[in-house]
Every structure is written in C-alpha cells, then in structure tokens.
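Asker: Dropping a structure here in structure tokens format, bear with me for questions.
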C-alpha cells in the first residue's frame, strides 16, 4: 500500500509518501525500511509545495493543485491522508486552510483515492505513544521509523537532502499513522 500524507498550509504544504510492503520486497537497493511483524515501511519521497504569499488565494490554490497533481501522477498513491483541522487562531486562517484541504481532497476524488483524516493527537499517539508529544519528538520518531539520516544526500541510502521540515515530518507521520492503523484494523478484522 502506497500512501501520500499531506500537511496542508496556505503558504507551505508538506507532503510525504510511504509504502508498506511484504518483508523482503521493497523498492530496490537504497530504500529505507522498518520491518514490523508482517510488513515494512519504505520511505518513497517527501517535499514541500511553497506558494508565494503575495499571490491571491486562488493563485496559491492553483499552484498547490498543479504541484500535488504532478506528485500524485508520478507516485500513484493508493490512499491519501490529511490532518484534520482542530483549532485555528482566526476564522479567516481556518477558511484558507480549509481551501488547501479541499484541493487535496479534490485531487483524491479525481484519482479515485480514498481519503483518511487524523488529528494531531492521533498522530502523536501513533508515533510516540503520547498524544501531547512535542514536534521534535515526532520528528525523531519519523526519522527512526523510516531510517532516515538527514542531511545526507537523497541519492545516498537513508538520506534526506537538507533534512526534514516540520511540514514534511507531519506529512510522513500521517502516512505512518495511517499504515499502522490500517494494519491494526486488518489484523482485528481477520481474527473475527
């Protein structure tokens, strides 16, 4: 299962793609893996879509749409995960953030990709075991789970050029949370 996680933002939107595969299978030499009892997590890619804050919201949404569309077309994820909006400082910012979430959901619908939403407490709990973990703790767990070693070159095994931004970390955390949740639900339903 290949999953794209999207951490929506109005100026910067992070994305990450992780794949779950059967042990012994992966995306070839140089892939980053975490072996779990029945599968492994394989880091595929991550990045950010940076939008010009001087542009209007419709212009930024178009830039986001084009960039995420190209990423989805290239990597062909089976599931899309996005963070739920829980709280925002201003209603204006919440509406703008909702618009970027809408772009991601539209792309999922256009590509027949199911959408899964997780809140920040679920993410932190899935990665650290503590729902109020700090961002740095989440980042460290993402690096450990996916066996990433910033700032090594991405062409080198296990590396991410320039390290992981908060947005990329959150997007990858969404992927890990979703894959683990899906595996857990699958194991529960198979025992019934």
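Asker: Where residues in segment 102-115 are in contact with a strand residue (DSSP E or B) (Cβ under 6 Å, 6 or more places away or on another chain) and closer than 16 Å to residue 63 by Cα, which of them is surrounded by the fewest Cβ atoms within 10 Å (Cβ to Cβ)?
Answerer: The qualifying residue surrounded by the fewest Cβ atoms within 10 Å (Cβ to Cβ) is 105.
Asker: Same structure again: Here's a check for you: in segment 120-159, which residue that is part of a loop (DSSP other than H, G, I, E, B), at negative phi and in contact with a strand residue (DSSP E or B) (Cβ under 7 Å, 6 or more places away or on another chain) is modelled with the highest pLDDT?
Answerer: This residue is 146.
Asker: Another question about this same structure. Whether any residue in segment 78-91 is surrounded by fewer than 18 Cβ atoms within 10 Å (Cβ to Cβ) and modelled with pLDDT of 95 or more is what I want to check. Can you show your working first?
Answerer: First, the residues of segment 78-91 that are surrounded by fewer than 18 Cβ atoms within 10 Å (Cβ to Cβ): 78, 84-91.
Of the ones still in play, those that are also modelled with pLDDT of 95 or more are 78.
Taking every residue of segment 78-91 in turn, at least one turns out to be surrounded by fewer than 18 Cβ atoms within 10 Å (Cβ to Cβ) and modelled with pLDDT of 95 or more.
Asker: Taking the criterion of being touching a strand residue (DSSP E or B) at 6+ places or on another chain (Cβ under 8 Å), outside any helix (DSSP H, G or I) and closer than 17 Å to residue 98 by Cα, would at least one residue in segment 72-81 satisfy it?
Answerer: So the first thing to find is which residues in segment 72-81 are touching a strand residue (DSSP E or B) at 6+ places or on another chain (Cβ under 8 Å), and the list is 72, 75-81.
Among the residues that remain, those that are also outside any helix (DSSP H, G or I) are: 76-81.
Still in the list and also closer than 17 Å to residue 98 by Cα: 80-81.
The answer is yes, given that some residue of segment 72-81 is touching a strand residue (DSSP E or B) at 6+ places or on another chain (Cβ under 8 Å), outside any helix (DSSP H, G or I) and closer than 17 Å to residue 98 by Cα.
The values are calculated or read from the model by the stated rules, or taken from the named source; none is laboratory data. Predicted model only: the values in this text are computed from it and were never measured. We place every Cβ from the backbone using ideal geometry, glycine too, and count neighbours over all the protein chains shown.
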